[in-house]
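S.K.: Below are the C-alpha cells for one structure; questions will follow.
Derivation of every value follows stated rules applied to the coordinates shown; laboratory data play no part. On a predicted model such as this, the values are computed, not experimentally measured, just so you know. With ideal geometry, Cβ positions are generated from the backbone for all residues, glycine too; neighbour counts draw on all protein chains shown.
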Amino acid sequence: MATVKALKTVEIMSGNNHNLQEGKNGVKPDGNGRVNGRNGSSSYKSKKNWKDNFYESFEETPLLTAILTVMCYGILVLVGHIREYLRFYSIEQNKGHTEPKIEGFVPLFQSWESFYTRNVYRRIRDCWNRPVASSAGAYIDVVECKSDDHNWSLELTEKKYHVMNFGSYNYLGFSETTGPCADSAEQCVRETSLSVTNSRQELGYTTVHQELDRKVAKFLGVEDAITFPMGFATNSMNMPCLVGKGCLLLSDELNHASLVLGSRLTGSTIRVFKHNNMADLEKKLKAALLEGRPRNHRPWKKILIVVEGVYSMEGSIVRLPEILLLKKKYKAYVYLDEAHSIGALGPHGRGVTDYFGIDPKEVDIMMGTFTKSFGAAGGYLAGSKALIRHFRLHSHSSVYSAAVPPPIAKQVISVIDIISGIDGTKKGIERINQLAWNTQYMRRRLQEMGFIVYGNKDSPVVPFIVFYPTKLASISRKALERGLGVVVVGFPATPVIEGRVRLCMSAAHTKEMLDKTLDILNQLGDELNLKYSRKTPPDFKEDDSLLNKEVRH
Ligand SMILES: Cc1ncc(COP(=O)(O)O)c(C=O)c1O
C-alpha cells in the first residue's frame with residue numbers, strides 16, 4: 001500500500017524495514033535498513049558505540065488510513081457545524097457554556113478551541129479527567145464516570161475500577177504509600193510541617209533544602225544544583241534568567257509546553273528545528289552564524305539549543321552526542337530537560353548522559369523534574385557553581401515563590417539514596433534494571449503483535465498508534481473494563497493522523513502484569529483492528545542480563 005512519505009518516516013534502526021528513506025531524525029539507513037550499524041544487544045554501551053545500540057522506529061502511516069482518519073475528523077467537524085447552527089437557532093438545546101452576549105462586544109471565548117471542545121472532544125471526554133482514588137502505583141483505582149446527556153456532564157458513581165496502571169510516569173515505582181521514602185517524608189512532616197511558608201531568601205531555606213540541592217548535584221555528577229517546587233515553573237520561570245533580547249533559541253519542535261512558554265517569556269528569537277533532526281539543527285545553526293540577527297545582521301548575543309532527554313509523546317531519545325558535537329562546533333549552549341529521562345535512563349538511572357556515557361559537565365544546563373521517577377513534585381536546575389549562583393540570585397521561581405515542601409524534598413532525597421545505593425541495598429539498581437527490561441520486553445512484544453510502536457527501544461514511554469479518534473475512545477474504555485488503565489492522546493496534542501495509546505512503563509510492573517497487559521492489548525488489537533504494522537518484527541531482544549536474581553519477578 002502506498003505511504004504518506006511527507007508525513008511519516010521510516011524505522012531507524014531495524015534491519016527489516018522495507019521502505020528505505022530518510023528517517024524522522026534525518027538519518028539515512030544503510031543498505032540493510034540499519035541506520036547506525038549492527039543491532040545492539042546490551043542495553044548500555046560506551047560513548048563510542050552509542051549508534052550501535054540506538055533503535056528508533058517511526059513506521060509510515062498507510063495512505064488509506066491517513067485519508068480515512070482525516071475524513072473521520074472532517075465528518076465530526078462538519079456535524080459539529082450543523083449542530084452549532086441548530087443550537088444558534090435554538091432548534092437543538094445548547095448545553096455548553098454560552099457567551100455573555102454584551103451588546104457591542106466581540107465574543108469573549110468563541111474560538112476554534114471551544115468549538116472543538118464542544119463538538120469533538122466532548123463526545124469522548126470521559127476517556128480523560130478520570131478521577132483516581134489511590135496512589136499512582138502499579139495498580140490504580142479509577143472512579144467510574146457516567147453521563148446521561150452524551151458527555152455534556154459527567155457524574156461520578158460509587159464504582160471503582162482497580163486496574164493495572166500504565167498511565168502514570170511512575171518509572172521507578174517510587175509512588176508508594178509505604179516504605180523508606182514514605183516513612184522519611186512522614187517523619188519530616190512531624191519535624192518541619194508540610195510547608196516552609198516562604199521563599200528561599202526569606203526563611204524558607206531549610207537544612208533539608210541544602211541537603212536536597214547537594215544530593216541532586218552529586219547524583220547528576222555536576223558542581224551544584226538548585227531545586228524548585230514545580231517542574232513546569234522550573235522551565236518557564238528560569239529560562240528568562242539565561243537569555244533575552246538579541247539571543248537565539250533553537251528549540252526541538254516537540255519540546256514540552258513549559259519549555260515553549262519559557263522560551264517565549266525570554267523575549268529571544270525562537271527558531272524551531274525538526275524533531276531530533278541533526279541536519280536541520282546544523283542548518284539552522286549555520287544560518288544563525290552566517291546571517292546574524294534579522295534586521296541589523298549583528299551576531300546573536302547567545303545561542304541556546306533546547307532539547308529534552310526522552311520525548312513523552314514520541315518515546316524518542318535525544319541524539320545527545322551529536323547535539324554536543326554541534327554545540328562545540330558552533331559555540332552554542334545546551335539546555336537539557338530530563339523530566340522523563342532522569343531516573344529512567346542509563347545504567348545508574350542518571351539520565352541521558354549516563355545512557356550515552358557522556359560527562360554531564362558537557363551539558364551547560366541540566367534540568368529535570370521530581371514528578372516522574374522520584375514519585376514526588378518539583379524540579380531542579382544543575383550545572384556549574386557559577387550558573388547555579390546566578391539562578392539563586394535571579395530566578396523568579398526561587399526569589400518570589402515558596403521553596404519545595406520539606407516532606408517532598410525528603411522523598412526525593414530518599415529516592416536518590418536508594419538509586420545510588422547509599423542506603424546500602426541493591427534495590428535502586430534492581431529497579432533501574434527492571435524498568436529497562438520491562439521497556440524492551442513490552443516494545444518487542446507489541447511490535448511482534450503487529451502494532452505500530454513509536455520511539456526508541458530503551459524509552460520507557462511506549463506509544464502505539466491507533467489513528468482514529470473513535471478507536472482512541474474505544475480502546476481507552478474497553479481497556480479500563482478489562483483491568484488496564486492507559487492514557488490515549490489525540491489531536492490537537494498529536495498530529496491529526498497520529499492518535500495513539502501511550503504506555504508508561506514502571507519498575508513496579510511484574511512480568512505477570514506485562515503479560516496480562518499484552519493479552520488484553522492483543523485482544524483489543526484484533527477486535528478494533530489496530531495492528532497496522534506492515535514491517536517484520538524488530539530484531540532486538542530484551543537484555544536478560546539486566547534481570548539479576550534479586551529482581552522482583
Ligand atoms: C519535558 C517536561 N518538562 C517539564 C514538565 C513539567 O513538569 P511537572 O509536571 O513536574 O511540573 C513536564 C511534565 O510532564 C515534561 O514532560
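S.K.: Placing +1 at every Lys and Arg Cβ and -1 at every Asp and Glu Cβ, with all other atoms neutral, what dipole size does the range 193-419 have around its Cα centre, in debye to the nearest 20?
M.R.: 940
S.K.: In the range 193-419, if the dipole is taken from +1 on Lys/Arg beta carbons and -1 on Asp/Glu beta carbons about the Cα centre, which of 311, 257, 285 is farthest to the positive end?
M.R.: Comparing the listed Cα positions along the dipole, 285 ranks first.
S.K.: Provide the gained length on full extension for the span residue 117 to residue 422, in nm with one decimal, where the gain is 0.36 nm per separating residue minus the Cα-Cα distance.
M.R.: 104.9 nm
S.K.: Next up: What's the long-distance tail for the range 368-459, i.e. % of Cα pairs beyond 17 Å?
M.R.: When every Cα pair of the range 368-459 is considered, 67 percent fall beyond 17 Å.
S.K.: Additional query: What size of dipole, in debye to the nearest 20, comes out for the chain about its Cα centre when the only charges are +1 on Lys and Arg C-beta atoms and -1 on Asp and Glu C-beta atoms?
M.R.: In debye, rounded to 20, the chain gives about 1580.
S.K.: So if I take the centroid of the Cα atoms in the range 307-321 and the same for the range 123-202, what is the distance between those two points in Å?
M.R.: Distance between centres, Cα-based: 26 Å.
S.K.: To continue, here is another question. Mind giving me the nanometre distance, one decimal, between the label points for residue 541 and residue 198, set 7 Å out from Cα along Cα→Cβ?
M.R.: Rounded to a tenth, the inter-label distance reads 6.2 nm.
S.K.: When 526, 423 are ordered from fewest to most other Cβ atoms inside 10 Å of their Cβ, what list results?
M.R.: Least crowded to most crowded, the residues run 526, 423.
S.K.: Let me ask you something else. Please list, by residue number, everything in the range 476-514 whose backbone N is under 14 Å from a paramagnetic label point 7 Å out along Cα→Cβ of residue 528.
M.R.: 476-491, 498-503, by backbone N distance to the label point.
S.K.: To continue, here is another question. When only Cα pairs under 8 Å and 6 or more residues apart are kept, what is the percent relative contact order across the range 110-228?
M.R.: Relative contact order, the range 110-228: 15 percent.
S.K.: Which whole-number percent is the relative contact order of the range 404-493 (Cα, under 8 Å, 6+ apart)?
M.R.: Relative CO of the range 404-493 lands at 13 percent.
S.K.: What is the distance in Å between the Cα centres of the range 241-296 and the range 334-400?
M.R.: 20
S.K.: Next up: Please list, in order along the range 474-481, the HN-Hα scalar couplings obtained from phi with the Karplus expression 6.51 cos²θ - 1.76 cosθ + 1.60 (θ = phi - 60°), rounded to whole Hz, x for Gly and Pro.
M.R.: So the Karplus estimates, Gly and Pro as x, are 4, 5, 4, 6, 5, 4, 4, 4 Hz.
S.K.: Rounded to the nearest 5, what % of DSSP beta bridges with both residues in the chain are antiparallel?
M.R.: Taking every DSSP beta bridge with both residues in the chain, the antiparallel ones total about 65 percent.
S.K.: As a footprinting exposure proxy, order 236, 199, 193 by other Cβ within 10 Å, with the fewest listed first.
M.R.: Lowest to highest Cβ neighbour count: 193, 199, 236.
S.K.: Could you estimate the translational diffusion coefficient of the range 112-214 from the Stokes-Einstein equation, with Rh from the Kirkwood formula over C-alpha pairs, at 10 °C and 1.306 mPa s, in whole µm²/s?
M.R.: This corresponds to a translational diffusion coefficient of 90 µm²/s.
S.K.: Determine the distance separating the Cα centre of the range 413-480 from the Cα centre of the range 67-114; give it in Å without decimals.
M.R.: What the calculation gives is 39 Å, centre to centre.
S.K.: Relative contact order of the chain, please, whole-number percent, based on alpha carbon pairs below 8 angstrom and at least 6 residues apart.
M.R.: Dividing the mean separation by the residue count of the chain yields 19 percent.
S.K.: Next question, about the same structure. For the range 301-449, take every pair of Cα atoms, bin their distances at 5 Å starting from 0, and report each bin as a whole percent.
M.R.: 2, 8, 15, 20, 20, 16, 11, 6, 2, 1, 0
S.K.: With both bridge residues required to lie in the range 193-419, what share of the DSSP beta bridges run antiparallel, to the nearest 5%?
M.R.: So the antiparallel bridges amount to about 40 percent of the total.
S.K.: If you don't mind, another one. Which residue, chosen from 491, 299, 203, occupies the Cα position most advanced towards the positive end of the dipole of the chain, where the dipole is computed from +1 (Lys, Arg) and -1 (Asp, Glu) charges on Cβ about the Cα centre?
M.R.: Final value for the positive-end residue is 299.
S.K.: Where does each of 271, 431, 443 land when they are ranked from fewest to most other beta-carbon atoms within 10 angstrom?
M.R.: Ranking 271, 431, 443 by Cβ neighbours within 10 Å, fewest first, gives 271, 431, 443.
S.K.: If each of residue 148 and residue 190 carries a label point 7 Å out from its Cα toward its Cβ, how far apart are those two points in nm?
M.R.: 4.9
S.K.: Using only the alpha carbons of the range 193-419, what is the convex hull's orientation-averaged projected area in square nanometres?
M.R.: Mean orientational projected area (the range 193-419, Cα hull): 11.6 nm².
S.K.: Under a 5 Å amide H to amide H cut-off, with H placed in plane at 1.01 Å, what residues pair with residue 379 once short-range neighbours are removed?
M.R.: 228, 230, 231, 370
S.K.: Rounded to the nearest whole Å³, what is the per residue volume of the convex hull around the Cα atoms of the chain?
M.R.: For the chain, the hull spanned by Cα atoms encloses 179 Å³ per residue.
S.K.: Taking loop as defined by DSSP and a crowding limit of 14 other beta carbons within 10 Å, which trypsin sites (Lys or Arg not before Pro) in the range 300-356 fit?
M.R.: Sites meeting the loop and neighbour criteria: 301, 331.
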